[in-house]
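Got a structure here, written out as structure tokens. Questions coming.
The values are calculated or read from the model by the stated rules, or taken from the named source; none is laboratory data. The model shown is predicted, which means the values in this text are computed figures rather than measured ones. Cβ atoms come from the backbone with ideal geometry, glycine included; neighbour counts cover every protein chain shown.
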Amino acid sequence: MEREYHPFIDYVVCRNNYFNNPEIVVELSKKVEYSGAEVYPGIRSGNLLASDIPMVKDFAIWFANRLSIDVFPGITKYETAIYFHINKGVDDQEADFGWIHKDIGNLAGLVYLTEQESNFDSGTSIFNCNNDTIDELTEYMYAWREFNVTGNPTDKIKEGLKLNNSQFTETIRVGNQYNRLIAYDSKLCHRPNSFSTSISKPRLTLLFFISQFEFIKEETHN
């Protein structure tokens, strides 16, 4: 099926020092509850826009509004979900990284929030597919779901990760630097690199996903 066009197709943007006071955002991440799920490694908060903690919800509304100004300028009437996410390192290096995938929706991104971290290998990479189609490797999906819940790097999941990686070529690597934002077309193949940070702290990120939006193109005047 042909992909629906939008003005941010193949878009990747990276901005350092995104928040003026990132330590406040880190403190908010300590006020929310987290849970795991089969569909992602690590633990994640609920959607901050639906939080019953006023200061968390107020921050999420402010951040969602900012996305249409300085990250994806011109978008309007967009549906957004925002989460805090925590990953801890996996002792086995053959499984200490994410599955290359695409996200649901149109746009996505994250802000790295592990204080004092500046590590090229615990950030995010963008990939090109080596073939016209991607083998979904369905026989490994049960192992991947189990790994996401237990964190146990079985031989099956390591084999699946190796086969998954073999289908792609890395084209962009963004290092994990505290308070750095990366945003992208969610249909670009990507993954989190090493879940282990260089300072032995959990990998804390602020994730955002935009499923639908309208776009207003700014008029230019000669």
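Taking region 148-157 on its own, how many of its residues are buried (at least 17 other Cβ atoms within 10 Å of the Cβ), assigned to a helix (DSSP H, G or I) and touching a helix residue (DSSP H, G or I) at 6+ places or on another chain (Cβ under 9 Å)?
Residues that pass the stated criteria total 1.
Output the qualifying pairs, or none if there are none: Cβ atoms under 6 angstrom, residues six or more apart or on different chains, first residue in region 76-88 and touching a residue at least 12 places away in the same chain (Cβ under 8 Å) and over 17 Å from F59 (Cα atoms), second residue surrounded by 18 or more Cβ atoms within 10 Å (Cβ to Cβ) and of a type in the set (G, A, S).
I86/G42; N87/G42
Here's another thing I want to ask about it. Among what's in region 72-100 and is in contact with a strand residue (DSSP E or B) (Cβ under 8 Å, 6 or more places away or on another chain) and over 23 Å from V39 (Cβ atoms), pick the residue that is modelled with the highest pLDDT.
Looking at residues that are in contact with a strand residue (DSSP E or B) (Cβ under 8 Å, 6 or more places away or on another chain) and over 23 Å from V39 (Cβ atoms), I get F72.
G123 - would you say it is closer than 25 Å to Y34 by Cβ and either out of contact with any strand residue (DSSP E or B) (no Cβ under 6 Å at 6 or more places or on another chain) or part of a helix (DSSP H, G or I) (or both)?
So G123 fails the test.
Does any residue in region 145-169 that is closer than 21 Å to S35 by Cα come within less than 8 Å, Cβ to Cβ, of a residue that is outside any helix (DSSP H, G or I) and among the β-branched types (V, I, T) six or more places away or on a different chain, and which pairs are these?
R145/V39; E146/T154; F147/T154; N148/V39; G151/V90; P153/V90
Go through the residues of region 72-90 one by one and say whether even a single one is part of a helix (DSSP H, G or I) and buried (at least 18 other Cβ atoms within 10 Å of the Cβ).
Among the residues of region 72-90, not one is part of a helix (DSSP H, G or I) and buried (at least 18 other Cβ atoms within 10 Å of the Cβ), which makes the answer no.
Given the condition in contact with a Pro (Cβ under 8 Å, 6 or more places away or on another chain) and either in contact (Cβ under 8 Å) with a residue 60 or more places away in the chain or under 28 Å from E27 (Cβ atoms) (or both), answer yes or no: does some residue in region 44-67 qualify?
no
Taking only region 1-55 into account, find how many residues are small (G, A, S) and either touching a His at 6+ places or on another chain (Cβ under 7 Å) or surrounded by fewer than 18 Cβ atoms within 10 Å (Cβ to Cβ) (or both).
Residues that pass the stated criteria total 6.
Which of the residues that make up region 159-180 are buried (at least 17 other Cβ atoms within 10 Å of the Cβ) and of a type in the set (D, E, K, R)?
Within region 159-180, just R180 meets the criteria.
Still on this structure, I have one more. Just to be sure I understand the filter: pairs with C-beta atoms under 9 Å, separated by 6 or more residues or on different chains, first member in region 1-29 and more than 23 Å from L206 (Cβ to Cβ) and in a helix (DSSP H, G or I), second member at pLDDT 95 or above and of a type outside the set (G, A, S). Which pairs pass?
If the second residue must be at pLDDT 95 or above and of a type outside the set (G, A, S), no pairs are left.
If you don't mind, there's one more thing I want to ask. Looking at T114 and the list (1) assigned to a loop (DSSP other than H, G, I, E, B); (2) at negative phi; (3) surrounded by fewer than 21 Cβ atoms within 10 Å (Cβ to Cβ), which single condition is not satisfied?
(3)
Please indicate, with yes or no, whether at least one residue in region 178-196 is of a type in the set (S, T, N, Q), without any contact (Cβ under 8 Å) to a residue 24 or more places away in the chain, assigned to a loop (DSSP other than H, G, I, E, B) and over 30 Å from T76 (Cα atoms).
There is no residue in region 178-196 that is of a type in the set (S, T, N, Q), without any contact (Cβ under 8 Å) to a residue 24 or more places away in the chain, assigned to a loop (DSSP other than H, G, I, E, B) and over 30 Å from T76 (Cα atoms).
List the number of the failed condition for I134; all other conditions in (1) of a type in the set (A, V, I, L, M); (2) at pLDDT 95 or above; (3) not in a helix (DSSP H, G or I) hold.
(2)
Right, something else. Restricting to region 101-120, count the residues that are closer than 26 Å to I9 by Cα and either at pLDDT 95 or above or of a type in the set (S, T, Y) (or both).
The qualifying residues number 6.
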